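Starting off with a structure, shown below.
The values are calculated or read from the model by the stated rules, or taken from the named source; none is laboratory data. Please read these numbers as outputs of a predicted model, since none were measured by experiment. So basically every Cβ, Gly included, is an ideal-geometry build from the backbone, and we count neighbours across all protein chains shown.
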Amino acid sequence: MIKLIPSYEFLLTTLSLILIAGYSSAQIKQQGVIPQPRKITKGVGAFIFSDITTINLVDHVNAENFAFFRRYLKSVSGDSLLFNSKKLFSDISISIDTLQIPQEEGYRLTVRPRQIIITGHDEAGIFYALQSLMQLIRTTNGKAAVQACTVDDYPRFAYRGMLLDVSRHFFAADDIKKWIDMLALYKINTFHWHLTDDQGWRIEIKKYPLLQSISAYRDETIIGHKRDSPHLFDGKRYGGYYTQQEVKAIVKYATDRHITIIPEIEMPGHALAALAAYPQLGCTGGTYKTATYWGIFDDVYCAGNDETFTFLQNVLDEVLPLFPSKYIHIGGDECPKTKWKTCPKCQKRIKDEHLKDEHELQSYFIGRMEKYLNSKGRQIIGWDEILEGGLTPGATVMSWTGEEGGIAAAKQHHNAIMTPEKYVYLDYYQSLYPGEPITAGGYTPLSKVYNYEPLTKELSGDEAKYIKGVQANAWSEYLPSPARAERQLFPRMLALAEVAWSAKENKDYDGFLRRLRYEQPMLKKLNINAAYTFDEITDNVSETADHQVSIGLTTTLPNSRIMYTTDGSIPGLYSKWYSKALTITHSGTLKAAVFSHGKLAGRIYEKGFRIHKAIGKTVTLANQPQGAYNPGDTFGLVNGVFGSKLYNDGQWYGFNGNDLDAVVDLGSVQTISQLGINILKYHWQKMWEPTLLTFEVSADGKNYTEVYRQTEFKANGINTVKADIKPTQARYVRLKGINKDIIPPGEYIAGAKAWLLVDEIVVN
């Protein structure tokens with residue numbers, strides 16, 4: 001018996017098969033959604049959009065959910081979606097069903113050749129289903145189609161955020177809206193808007209007009225990096241602010257996309273811009289100027305002056321009506337206590353309130369502002385420094401200096417959001433290639449962001465529930481334009497989105513990269529200036545069993561080869577093919593490149609080596625390196641690789657307030673005629689040269705003879721110490737570097753401990 005198919009259905013089926021035939025099997029495998037859904041099942045056939053495709057909104061689902069989706073569909077195919085509430089059958093059917101989809105923000109997306117069905121737990125769930133649908137659209141011959149599939153999905157964390165600092169560099173309202181669209185597309189639901197800082201006040205406060213005319217502008221802006229010395233400036237007045245009407249429009253724009261905007265009004269530190277307009281709020285009364293370079297400044301709000309609290313309360317009274325968010329971020333970080341220690345009003349406050357010291361004074365300041373916000377029905381979020389002196393009920397900690405703040409808060413049963421700079425700071429470098437544009441420092445490649453796990457092993461199951469989510473931060477010191485900002489934000493925000501949304505067991509970096517490569521046409525269509533450096537060569541320098549230097553090279557680009565040279569020439573298709581780790585036995589430069597389908601893919605990789613007598617030898621340290629400058633073993637001091645001036649490559653060893661005291665065992669008595677080490681000096685980064693550096697040698701490891709000393713290190717940056725000594729028989733070499741200890745008055749961050757950074761002990 002032959003079944004007759006109605007002509008309309010026949011045409012749909014035929015066109016569906018034609019379109020699916022247009023996909024290669026590799027495309028179907030790679031195509032997917034970012035962030036990775038809980039479950040996605042591929043079907044047979046495809047749904048094809050047309051200019052008569054209709055939508056039926058069941059139970060009065062909000063049509064605003066479709067604005068972004070309809071605009072994108074129009075851009076890729078020219079098709080418009082028609083709302084239809086009368087026909088029994090619509091091409092796209094939308095409904096809310098909390099019983100069928102019990103998880104908040106969850107959804108089910110079912111794509112069939114003749115119909116798309118979306119069921120959401122709530123409006124947000126429907127919106128996120130549409131974002132997934134948007135990513136699944138592919139165009140063939142001008143037709144937009146979606147492969148048949150079923151997606152069941154809901155988020156892992158309730159808080160999924162991104163911070164954007166607009167104080168150091170100001171971004172227009174249209175740029176903010178564009179990025180909000182991108183956050184929404186990848187299911188980020190919180191935009192943390194850092195509005196005030198030393199370098200600019202960016203929100204209109206009508207009661208205080210000088211915030212607009214003075215605090216919103218600086219006289220000029222530093223050129224280059226803060227670490228440079230002397231500082232150079234562009235001589236151009238810079239600034240701007242958002243009117244309250246602009247803020248309202250942006251908040252509504254975000255709300256329509258299920259994004260909550262949390263404003264940050266920084267206090268009690270990072271206040272220099274505000275003090276420039278209202279100097280009576282500072283401890284000394286001025287004169288103050290809006291900062292023209294980046295960093296931490298001693299001039300902060302006076303905690304002993306009641307006018308300070310009146311000012312901040314009045315500011316918040318204008319801020320709160322603009323932002324319906326439950327939370328208000330009040331900063332609380334990086335507040336030097338220098339001026340408080342000598343301020344009569346602050347010292348009187350300490351005495352009157354029976355406080356122990358200036359740290360408790362900061363806790364008093366935060367607590368007082370928190371009580372005020374609580375009286376207005378709001379809760380505070382603060383950086384992890386607000387833990388000092390104890391948290392009050394309802395306070396949420398944003399853990400940025402590491403994970404310790406979030407862990408401590410969770411153990412005290414306080415909510416916390418993980419945002420550790422080591423893993424999720426987007427103003428850090430995403431590649432170690434020398435051609436990268438200047439940025440703050442650090443190194444958070446795409447893989448590091450993707451592999452971050454917010455729930456640490458230190459937390460029990462009951463404690464882990466207080467970790468409400470994760471956030472990436474983009475500080476804008478080195479983001480002078482929207483294009484530069486986008487290059488830092490994307491694609492790393494896509495990786496953060498998967499950390500925040502996807503089930504831990506569903507995460508797969510290789511799979512993420514496949515989907516990301518497939519996502520590139522969409523990002524280009526949306527005019528996003530994303531960085532595509534993630535497939536470039538990365539390396540691993542290690543020690544062989546016989547104490548030589550080995551280097552492994554890796555690329556994540558499929559169907560590619562790494563070609564390399566060791567003679568200084570540029571690698572080509574006929575250079576040596578890299579197949580396994582290389583043992584480095586001679587000084588020189590290794591260059592390598594990735595080739596795909598016979599063409600160069602990406603930039604040329606390069607690394608220099610200097611082989612000497614101390615390579616792979618045992619190094620004993622009296623004091624252990626600290627923080628980000630502790631590579632974990634001592635091999636980096638004798639691996640032939642010199643640390644870069646960016647100090648983010650894992651080669652530098654840092655001692656915070658402690659001395660360098662290192663002994664190298666050469667294994668046997670040998671003739672020594674040259675000794676060396678690199679010292680990193682950047683006073684603007686708290687990196688100070690030693691007050692004294694000495695080299696000593698010994699044949700027995702007990703009796704040492706000093707053979708060289710140095711007290712001057714003139715270069716701002718890497719100081720290469722090269723000590724030519726009289727040929728001496730020795731087995732042990734001892735280096736002593738006396739730390740500056742406390743940064744002296746008049747210098748940047750005076751009173752803090754100095755860092756002593758060293759790398760590569762050279763013996764010849």
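Among the candidates 293, 301, which residue alone is more than 17 Å from residue 345 (Cα to Cα) and either aromatic (Phe, Trp, Tyr) or in contact (Cβ under 8 Å) with a residue 60 or more places away in the chain (or both)? Give the steps one after another, and end with the answer.
Details: 301 fails: more than 17 Å from residue 345 (Cα to Cα).
None of the others qualify; the one that does is 293.
Considering only the stretch 577-614, state which residues are assigned to a strand (DSSP E or B) and in contact (Cβ under 8 Å) with a residue 40 or more places away in the chain.
So the first thing to find is which residues in the stretch 577-614 are assigned to a strand (DSSP E or B), and the list is 577, 582-584, 588-596, 599-600, 605-609.
Selection gives 584, 592, 593, 594, 605, 606, 607, 609.
Regarding residue 268, is this residue in the same structural domain as residue 473 (by TED's automatic domain parsing), within 31 Å of the chain's Cα centre (by Cα) and surrounded by fewer than 17 Cβ atoms within 10 Å (Cβ to Cβ)? Can you show your working first?
Details: in the same structural domain as residue 473 (by TED's automatic domain parsing): yes; within 31 Å of the chain's Cα centre (by Cα): yes; surrounded by fewer than 17 Cβ atoms within 10 Å (Cβ to Cβ): no.
No.
Then there's this: Output the residue which, of all residues in the stretch 327-342 that are in contact (Cβ under 8 Å) with a residue 60 or more places away in the chain and surrounded by fewer than 21 Cβ atoms within 10 Å (Cβ to Cβ), is farthest from residue 203 (Cα to Cα). So that I can check it myself, show each step before the final result.
Going through the stretch 327-342, the residues in contact (Cβ under 8 Å) with a residue 60 or more places away in the chain turn out to be 327-336, 338.
Those still in the list that are surrounded by fewer than 21 Cβ atoms within 10 Å (Cβ to Cβ) too: 333-334, 336, 338.
Details: 333: 20, 334: 22, 336: 25, 338: 28 Å.
Among those that are in contact (Cβ under 8 Å) with a residue 60 or more places away in the chain and surrounded by fewer than 21 Cβ atoms within 10 Å (Cβ to Cβ), it is 338.
Conditions (1) under 15 Å from residue 693 (Cβ atoms); (2) outside any strand (DSSP E or B), marked per residue:
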position	(1), (2)
725	yes, no
728	no, no
734	yes, no
737	yes, no
740	yes, yes
744	no, yes
749	no, yes
758	yes, no
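I need the full set of residues from the stretch 82-130 which are over 20 Å from residue 40 (Cβ atoms) and of a type in the set (S, T, N, Q), in order please.
Within the stretch 82-130, 84, 85, 90, 95, 98 meet the criteria.
Would you confirm whether or not the stretch 667-674 contains a residue that is under 30 Å from residue 432 (Cβ atoms) and buried (at least 19 other Cβ atoms within 10 Å of the Cβ)? Explain how you work it out, then say what you get.
Taking the stretch 667-674 as the starting set, the residues that turn out to be under 30 Å from residue 432 (Cβ atoms) are 674.
Subsequent filtering for residues that are buried (at least 19 other Cβ atoms within 10 Å of the Cβ) retains none.
Looking through the stretch 667-674, none of the residues is under 30 Å from residue 432 (Cβ atoms) and buried (at least 19 other Cβ atoms within 10 Å of the Cβ).
Please go through the stretch 241-265 and pick out each residue that is within 25 Å of the chain's Cα centre (by Cα) and not in a helix (DSSP H, G or I).
From the stretch 241-265, those within 25 Å of the chain's Cα centre (by Cα) are 241-242, 247, 250-251, 253-255, 257-265; that's our starting set.
Correct list: 241, 242, 257, 258, 259, 260, 261, 262, 263, 264, 265.
So, one more: Count, please, the residues in the stretch 288-306 that happen to be in contact with a Pro (Cβ under 7 Å, 6 or more places away or on another chain) and not in a strand (DSSP E or B). First the steps, then the outcome.
We begin by selecting, within the stretch 288-306, every residue in contact with a Pro (Cβ under 7 Å, 6 or more places away or on another chain); these are 288, 296, 298, 300-301, 303.
Filter once more, keeping what is not in a strand (DSSP E or B): 288, 296, 298, 300, 303.
Number satisfying all stated conditions: 5.
Just give me the residues in the stretch 569-596 being over 22 Å from residue 542 (Cα atoms) and surrounded by fewer than 11 Cβ atoms within 10 Å (Cβ to Cβ), in sequence order.
Here is the first cut: in the stretch 569-596, the ones over 22 Å from residue 542 (Cα atoms) are 569-575, 595-596.
Within the stretch 569-596, 569, 574 meet the criteria.
What helices (runs of 4 or more DSSP H) completely inside the stretch 415-522 contain at least 1 residues that are buried (at least 23 other Cβ atoms within 10 Å of the Cβ)? Working first, answer last.
Working: elements: 421-424, 446-450, 461-464, 482-489, 492-501.
Filter on the stretch 415-522 gives 421-424, 446-450, 482-489, 492-501.
Okay, next question. Only one of (1) more than 27 Å from residue 699 (Cα to Cα); (2) touching a helix residue (DSSP H, G or I) at 6+ places or on another chain (Cβ under 9 Å) fails for residue 645. Which number is that?
(2)
Please work out if residue 232 is surrounded by fewer than 15 Cβ atoms within 10 Å (Cβ to Cβ) and over 30 Å from residue 499 (Cα atoms).
On the way: surrounded by fewer than 15 Cβ atoms within 10 Å (Cβ to Cβ): yes; over 30 Å from residue 499 (Cα atoms): yes.
Taking the combined requirement at face value, the residue satisfies it.
Now a separate question. Quick one: in the stretch 679-697, which of the residues that are β-branched (Val, Ile, Thr) and part of a strand (DSSP E or B) is nearest to residue 655 (Cα to Cα)?
Step one: filter the stretch 679-697 for residues β-branched (Val, Ile, Thr), giving 679, 691, 694, 697.
This time we only want the ones that are part of a strand (DSSP E or B), so: 679, 694, 697.
Working: 679: 12, 694: 16, 697: 23 Å.
Step by step, filter the stretch 679-697, then rank; the result is 679.
Being touching an Asp or Glu at 6+ places or on another chain (Cβ under 8 Å), at pLDDT below 95 and not basic (Lys, Arg), is that true of even one residue in the stretch 418-435? Steps first, please.
Filtering the stretch 418-435 down to residues touching an Asp or Glu at 6+ places or on another chain (Cβ under 8 Å) leaves 418, 420, 427-434.
From what's left, at pLDDT below 95: 434.
Retained after the next criterion (residues that are not basic (Lys, Arg)): 434.
Checked against the condition, which is being touching an Asp or Glu at 6+ places or on another chain (Cβ under 8 Å), at pLDDT below 95 and not basic (Lys, Arg), the stretch 418-435 yields at least one hit.
Which numbered condition trips up residue 707, out of (1) within 23 Å of residue 657 (Cα to Cα); (2) surrounded by fewer than 21 Cβ atoms within 10 Å (Cβ to Cβ); (3) of a type in the set (A, V, I, L, M, F, W, C)?
(1)
Checking residue 625 against (1) in a loop (DSSP other than H, G, I, E, B); (2) surrounded by fewer than 20 Cβ atoms within 10 Å (Cβ to Cβ); (3) of a type outside the set (A, V, I, L, M, F, W, C), which test does it fail?
If we test residue 625 against (1) in a loop (DSSP other than H, G, I, E, B); (2) surrounded by fewer than 20 Cβ atoms within 10 Å (Cβ to Cβ); (3) of a type outside the set (A, V, I, L, M, F, W, C), just (2) comes out false.
Of the residues in the stretch 725-756, how many are touching a Ser or Thr at 6+ places or on another chain (Cβ under 7 Å) and either free of Cβ contacts under 8 Å to residues at least 12 places away in the same chain or surrounded by fewer than 12 Cβ atoms within 10 Å (Cβ to Cβ) (or both)?
Total meeting the criteria: 2.
Another question, if that's okay. Can you name every residue in the stretch 158-195 that is assigned to a strand (DSSP E or B) and either of a type in the set (A, V, I, L, M) or touching a His at 6+ places or on another chain (Cβ under 6 Å) (or both)?
Passing the criteria: 161, 162, 163, 164, 165.
For the stretch 544-571, what are the residues that are under 31 Å from the mean Cα position of the chain (by Cα) and in a strand (DSSP E or B)? If you could, list the steps in order and put the result at the bottom.
Going through the stretch 544-571, the residues under 31 Å from the mean Cα position of the chain (by Cα) turn out to be 550-562.
Those that are under 31 Å from the mean Cα position of the chain (by Cα) and in a strand (DSSP E or B): 550, 551, 552, 553, 554, 560, 561, 562.
Could you tell me which numbered condition residue 715 fails, if it satisfies all but one of (1) more than 34 Å from the chain's Cα centre (by Cα); (2) surrounded by fewer than 18 Cβ atoms within 10 Å (Cβ to Cβ); (3) of a type in the set (A, V, I, L, M, F, W, C)?
(1)
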